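Laboratory data are not the source of any read-out in this text; all were calculated from the coordinates shown. Keep in mind that what you see is a predicted model, and the values were worked out from it rather than measured. Positions of Cβ are generated from backbone atoms using ideal geometry, with glycine treated the same way; all protein chains shown enter the neighbour counts.
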Amino acid sequence: MSRPPSLGRTRLADAEVLAELPPGWSLDGGRIWREWTFEQYLDGVNFALAVARQAETMDHHPDLHIFYRLVRVAFWTHDMGGVTRVDLRAARAVNALLTA
């Protein structure tokens with residue numbers, strides 16, 4: 001099901017993404033991403049699970065990668081072929097998981 005662009009799903013130019021990029025996030029290859037390192041493997045897994053639960057409530061799902069104690073989260077709007085405001089909003093929400 002496609003969504004109208006009015007819901008923040010219009011692809012942004014790199015300059016727009018960089019101007020609104022949340023703290024700690026990077027732009028690369030049409031995606032925004034961030035990595036976190038945790039003390040224990042299960043700490044990273046639990047964080048990834050929290051991100052997954054949040055993604056379900058937002059109906060916007062990231063690519064999640066767990067590399068032992070390192071977790072990488074990447075967002076991009078697949079049907080737009082790049083980063084949208086929905087991705088930026090989701091990245092800010094992920095940041096908030098660790099400050100809550």
Discussion item. For region 44-100, give me each residue that is among the hydroxyl-bearing types (S, T, Y), more than 15 Å from S26 (Cα to Cα) and either touching a residue at least 24 places away in the same chain (Cβ under 8 Å) or surrounded by 14 or more Cβ atoms within 10 Å (Cβ to Cβ) (or both).
Written reply: Y68, T77
Worksheet item: If you take the residues of region 16-43 that are touching a residue at least 12 places away in the same chain (Cβ under 8 Å) and assigned to a helix (DSSP H, G or I), which of them is surrounded by the most Cβ atoms within 10 Å (Cβ to Cβ)?
Response: V17
